[in-house]
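FYI, it's all coordinate maths here, none of it is from the lab. Predicted model only: the values in this text are computed from it and were never measured. When we count neighbours, we look across all protein chains shown, and the Cβ atoms used for this are built from the backbone with ideal geometry, even at glycine.
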Amino acid sequence: MGSTRGDMTARPTPNDLYSRAAADFGGALTRLARAYEADPDQRRDLLQEIHLALWRSFATFNGDCSVRTWVYRVAHNTAASHAQRRQRLKLDKMTSIDDLAALEVPDPDDPTRSAEDHDELARLMALIQRLKMPDRQILLLYLEGLDAESIGEICGLTGGAVATKVYRLKDALAKRFHQGGTL
């Protein structure tokens, strides 16, 4: 006997999963690329890398975690790999959370800086881009509104460890940001 229409549950294809994820998380992926890459051309390349990795990854997605967790995990792993490649090429200098307080904040009155660099968001992003992985990953996921447990699932940490890191990161960034000028 054949099955009836009511018995059939169509599992979404990898292309369907990717299309939905790109639509649902496209803005977050763009923000993620901006946080990892200051250079606009490199940022576009990174965003393409993220989308390609995400599209490829859905062929192995088995539903053991939420689509949101999967998207963030793939995106952050791709972005982290991108940043590490650039670090190996000595194109970026990253710092630990402990060294963040010693960072030199760019002078907002320097006439050689572009108008975008005068923006407070650009200053904050510059500080975030200098963080080492996984500090950068944790902070970016936090800024996307994920809770400590979700971030822990994505990064392989406990929720308590994430909450502690978020507190330390926010405190260190706030101090550095305020030392560099007014909000």
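Between residue 81 and residue 164, the simple label model (points 7 Å from Cα in the Cβ direction) yields a spacing of 3.0 nm. Please find the FRET efficiency linking residue 171 to residue 10, where r is the Cβ-Cβ separation and R0 is fixed at 41 Å, and quote it to the nearest 0.05. The pair residue 171/residue 10 has a calculated efficiency of 0.25. Packing here is the average count of other Cβ atoms within 10 Å per residue, and on that basis the peptides 125-138, 28-41, 157-170, 56-69, highest first, run 125-138, 28-41, 157-170, 56-69.
Over all pairs of different C-alpha atoms in the stretch 12-92, the reciprocal of the mean inverse distance, the Kirkwood hydrodynamic radius, equals 12.9 Å.
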